[in-house]
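Structure record follows, encoded as structure tokens.
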Amino acid sequence: MSTFGSNNNADEEKTSDIDDKILTETIYDLIACIRDPEKTENLEELNVVSESGVVVQRLKDGQIIANIEFVPTVPHCSLASIIGLSIRTKLETCLAEKCKIDINIKKGTHDTADEINKQINDKERISAAMENPNLQKLIQECIDDSGGY
């Protein structure tokens, strides 16, 4: 019988914490470089996303939840839903690890945040929106790393 068995839970918890930190950093790196639909700058440069706005939780059943909070450039930003869809599309396309993604506008930073939050977190609405070829093209331009503008 091994005398090291008593530390297994602590070691697993440390590994899980490190994995969550790496996943948090990976998510932030992926969304920071998304370009704003109206500007040449990316979301990080415009302070739309921040590292503190990305929180990863690992539930006891192993499911991972990534909570992303962003701040539109102005309280009446007409393209906040496009930013949210761009974040979702980039993460769903690029993350190797399967996780539930919740994207929300930071409370008090947009006039219609509640409505937009419902749109960008509803699978049926997302699916319907992404059937629009013009919207697909716009989102692809926002998330494309190869340049543009």
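The values are calculated or read from the model by the stated rules, or taken from the named source; none is laboratory data. Note that this is a predicted model, so its numbers are computed, not measured. Using ideal geometry, Cβ is built from the backbone for each residue, glycine included, and neighbour counts are taken over all protein chains shown. All accessible areas refer to the heavy atoms of the entire protein, side chains included, with ligands and DNA or RNA removed. Shrake-Rupley method; radii C 1.70, N 1.55, O 1.52, S 1.80 Å.
Points worth noting:
- Using θ = phi - 60° in the Karplus curve 6.51 cos²θ - 1.76 cosθ + 1.60, the 3J(HN,Hα) couplings for the range 83-93 round to 4, x, 5, 5, 4, 4, 4, 4, 5, 5, 7 Hz; x is entered for Gly and Pro.
- Only protein atoms count toward the accessible area here, which uses a 1.4 Å probe; on the chain, the carbon and sulfur part of that area reaches 48 percent.
- The charge dipole of the range 18-129, taken about the Cα centre with unit charges on the Cβ atoms of Lys, Arg (+1) and Asp, Glu (-1), comes to about 300 debye, rounded to the nearest 20.
- Across the range 62-68, computed HN-Hα scalar couplings (Karplus, 6.51 cos²θ - 1.76 cosθ + 1.60, θ = phi - 60°) run x, 5, 10, 10, 9, 9, 10 Hz from first to last residue, x flagging Gly and Pro.
- Accessible solvent surface per residue of the chain, calculated while the other protein chains remain in place, 1.4 angstrom probe, Å²: 63
- In the structure shown, the pairs K21/K90; K21/K60; K39/K100; K106/K137; K39/K90; K98/K118 are assessed against 24 Å; a Cα-Cα span above that value is assigned to K39/K100; K106/K137.
- Separation in nanometres of the label points that stand 7 Å from Cα toward Cβ, at Q140 and E92: 1.6
- For E41, residues with placed amide H under 5 Å, excluding near neighbours: D36
- Straightening the chain between V74 and E131 buys 17.8 nm, computed as 0.36 nm per residue apart minus the Cα-Cα spacing.
- Computed on protein heavy atoms with a 1.4 Å probe, the accessible areas place T26, T109 in the order T26, T109, largest first.
- The chain - share of DSSP beta bridges that are antiparallel (%, nearest 5): 50
- Unit Cα scatterers, Debye sum, the range 55-149: log10 I(q)/I(0) for q = 0.15 Å⁻¹: -0.63
- Under Karplus coefficients 6.51, -1.76 and 1.60, residue-wise ³J(HN,Hα) of the range 117-132 in Hz, glycine/proline x: 4, 5, 4, 7, 10, 9, 4, 5, 5, 5, 4, 5, 4, 6, 7, 7
- Placing dummy labels 7 Å off each Cα toward the beta-carbon, the span from E45 to D20 is 3.4 nm.
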